[in-house]
Structures are given as C-alpha cells and as structure tokens.
Amino acid sequence: MGLLITNANLTSATPGETGYAPSTATAIAIHNGLIAAIGDKKRCLQALSSTSTITTIDVQGQLITPGLIDCHTHLVFAGNRAREFEQRLSGVSYQTIAESSGGILATVSATREASEETLYQLANERLQGFKNNGVTTIEIKSGYGLTLADECKMLRVARRLGQQADIKVVTTLLAAHAIPPEFTGNADGYIDHICQAIIPAVANERLADAVDVFCEKIAFTPQQCRRVFETARNYGLAIKGHTEQLSNMGGSALAARLGAYSVDHIEYLDTEGVAALAACGTVATLLPGAFYFLGETQLPPIDQLRRLDVPMAIASDFNPGTSPIASLRTIMNMACTLYRLTPEECLRGVTIHAAKALGLDHDRGEIRVGMAADLAIWRLSHPAELSYCIGVPDLTARIVDGHYFPQAVGQYSGGQYA
C-alpha cells in the first residue's frame, strides 16, 4: 500500500543550513514506511505507480513537519515527589533533599515495589501526553531500579511501549543514576556491579540501545563514569551523559571524547567542554524543564554553542522530581523564553538535532526522500507557532513509519489572538 499526502504546507530542518526549510512541494508519497517522493501530486503519484493500493489524504494546506522527537525522558517510574516540590518552594535545595534519602532514591523505592504491569500502565498514560504533542520518537531511560532485576524490569517496560505501532522508543540504561542504599559509601563497588553484571545482562537481552551516566558531585565522578562508558562501548552500546547540571565536573568533554551521542543539561559547561563537543560532533541537549522546575539561574552557554555550530537538541527530561512535564511543545516554549532560543532553533532541537542525539539522524528528523515517514500534521500556518502556543489542540495527525494516526482535535482554527 502507498500513502499520498496532498495540499500540504511542508517545512523541515536541513543539516548545515539556517532558516526554516519551507518547500514549494505540496505532496508527499510514502511507500514501505519511507518517503518515496516529494513534489507535486503528479510526481508523487508516479512514485507510487507500482503499488496496488494508494490512500490519498488531502490536508488542505495544513503544516507538516517531521514528527517531533523527545530525546531525553525518564518515563517509567512509580510514585511522585509532589512533597519535594513543596520543600523546594520553602527553600530546601535539591542537593539537600537528595542527601536525606529523597530525590532519586525516593523514586527508586517506589519503582522497586511496583510490578512490571503497574509500571507499564503508568508509563503508557504518560506517553499519551507526548503523542498529543506530535511526538513520534521518544527516548526512555531506566535509572530508578539500581539493581539488575529492577533496571531490566524498567527497560522491558520501555521496550513494550515501543511495540505500539504509533511510536518509536529508544531505550537507555541509566544504572549510574544514583548510589543505591545497598552500596552506601561504596560507589566504586556499585560501578563494579554495573560494569560486571548489569551492562552485560542488558546487552545480552538487547534491552538497551545506549548507556547513560550522571556525572555530578551527588552521583558519580568522571573516573567512575569513564569505566561505565568504556564497558558500554565494549558491549556495542552507544553512550550519553547527564553532565554539568549542578557543577562543572568535566563530564561533557569526557563523554564527547569517548564518542557520546549527546551530553544533557550542561548548564555549567565551560569553554573547553564546548570545544570538545564541537570537535567530536556531540549534541548538546538542553533541558529547560528541569531548569524551570528547579528555579535554576545558571544558563547553558548558548552563545558559545552557536558560535562553534554545536547542534542543540531540546528535550523534556520528563521525570517525577525535576521536570514532570509531559509536553514537548511546552518545553519548546521554555527554551525560547528561558534560554532565548529562536523558534527555528527549537524546531531543529526536536527534529534533526534530537534525532542525532539518539543516533537516528540517518533516517529520522527530516522530510527527505529515503527517510522514515515520521511526520506531524498541524492546523497551523507557520512553524513558529509550535513554540508560541501552549495547550491548544492543533495536532491533526501523526504518521509513524508510514502509518497514519489521526488525532482527536477541538474546533480551534488557528485564529488571531487578542
């Protein structure tokens, strides 16, 4: 079967270029899950001439972008940390909460107690929020189990979520997220356990696509993170890093030089770190949701990243403690208002640059012949509206690997605002 989209207003993001990439083409031909042709209706029909059945969808001038990609989430967990939210509003720091068995370890306790089925049901409900925002690809990390059994439990849930036809899920092992209670005072011992038991088992069961670490004073040192990275690479797994969120530990430069797809947070990234990202082709993933939710004031070095042409991805960092925001469009708005990114940079950040942060830029994140047919269709006239407006149901449909999934929408028609 073939799918023909007609009367479209196409926009994408082309690597190495600036400005939106609006297209004079008005039609897209899709075959076997891939974009077969872009152009006028006649040309696209010719590209589908060998297919026995063609479904035509007239989008009546609506905006079509690449499907949005959230390249950093912690979607699978149990419990919530609303009480910590209250504490922080009263002046208690994130570090203080973490050091008193709150923070990540509070979620670890709840997640360990939850069954795999419970975790799946909770995560699946949260996932719907991302789908409603036009997300077609999402990364999901473990990191709230911190035992072999519980980390595998989380990753199995993430893989199961990825069996749905209308979403692509990339899974990441984040066992090096915090020091579990069983290893209190013995971080090196826990790193041994990750390298000798958890990574080999996860790789053997093919539960993860990548391995992540939290390189920070309240988590793991660069030396400990290096061991995890090198072990992951030995098992054929990609690497990523939570780095320079609360202080400058040099984790970003370390990760980049070892071939990391991305380093994430990076509020305290220094000049040397930016240069390392540029030299190694590593993506800088910005997480304004956590910056906002924690009331941080240290901004990432946006201007330096721009000067050295470091690709900037934008992600939700959805998690129960520091960014419980299941809306990538809201995160795009935050990136504009808090980090002063342009809407164009935000579109790139949730499409082509987010794809690169997951090692998927060879087939996702662009509207281009030969790429996976992952698209979002919006009742909008200009891509800047994606970062401008929050909460209005203007998504018409998502296309994932060539399959069309219509979206229930209200009666909003993109009118003017007073």
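The values are calculated or read from the model by the stated rules, or taken from the named source; none is laboratory data. Source: prediction; values computed, not measured. Every residue, glycine as well, gets a Cβ built from its backbone with ideal geometry; the counts of neighbours run over all protein chains shown. Side chains included, ligands, DNA and RNA excluded: accessible areas come from the protein's heavy atoms. Shrake-Rupley method; radii C 1.70, N 1.55, O 1.52, S 1.80 Å.
Residue count for the range 102-142, restricted to those that are surrounded by 20 or more Cβ atoms within 10 Å (Cβ to Cβ) and of a type in the set (S, T, Y): 5.
Among I302, I314, which is in contact with a strand residue (DSSP E or B) (Cβ under 8 Å, 6 or more places away or on another chain), in the same structural domain as E139 (by the TED database) and open to solvent by 10 Å² or more (accessible area, probe 1.4 Å)? Selected residue: I302, the only one of I302, I314 that is in contact with a strand residue (DSSP E or B) (Cβ under 8 Å, 6 or more places away or on another chain), in the same structural domain as E139 (by the TED database) and open to solvent by 10 Å² or more (accessible area, probe 1.4 Å).
Does T330 meet the test of being of a type in the set (V, I, T) and open to solvent by less than 20 Å² (accessible area, probe 1.4 Å)? No; evaluated as a whole, the condition is false for this residue. Scanning the range 386-402 for residues that are part of a helix (DSSP H, G or I) and either in contact (Cβ under 8 Å) with a residue 60 or more places away in the chain or closer than 20 Å to H72 by Cα (or both) turns up L386, S387. Within the option set D188, D212, being in a helix (DSSP H, G or I) and either closer than 20 Å to G251 by Cβ or small (G, A, S) (or both) holds for one residue only, D188.
For the range 363-384, the count of residues that are touching a residue at least 40 places away in the same chain (Cβ under 8 Å), at positive phi and open to solvent by 40 Å² or more (accessible area, probe 1.4 Å) is nonzero. Exactly one residue out of G259, G236 is small (G, A, S), part of a loop (DSSP other than H, G, I, E, B) and open to solvent by 60 Å² or more (accessible area, probe 1.4 Å): that is G236.
If you filter the range 133-169 down to residues that are of a type in the set (G, A, S) and in contact with a helix residue (DSSP H, G or I) (Cβ under 7 Å, 6 or more places away or on another chain), you find that the one that is nearest to A355 (Cα to Cα) is S142. Restricting the range 275-311 to residues that are within 17 Å of A255 (Cβ to Cβ) and small (G, A, S) leaves a set whose member that is nearest to the chain's Cα centre (by Cα) is A284. One residue stands out among those in the range 149-174 that are open to solvent by 30 Å² or more (accessible area, probe 1.4 Å) and outside any loop (DSSP other than H, G, I, E, B): the one that is farthest from D363 (Cα to Cα), which is A149. Quick check: anything in the range 343-360 of a type in the set (S, T, Y) and open to solvent by 20 Å² or more (accessible area, probe 1.4 Å)? No, because not a single residue in the range 343-360 is of a type in the set (S, T, Y) and open to solvent by 20 Å² or more (accessible area, probe 1.4 Å). When the range 242-256 is filtered for residues that are crowded, with 24+ Cβ neighbours inside 10 Å, part of a helix (DSSP H, G or I) and in contact with a helix residue (DSSP H, G or I) (Cβ under 6 Å, 6 or more places away or on another chain), the ones remaining, listed by number, are G251, S252, A253, A256.
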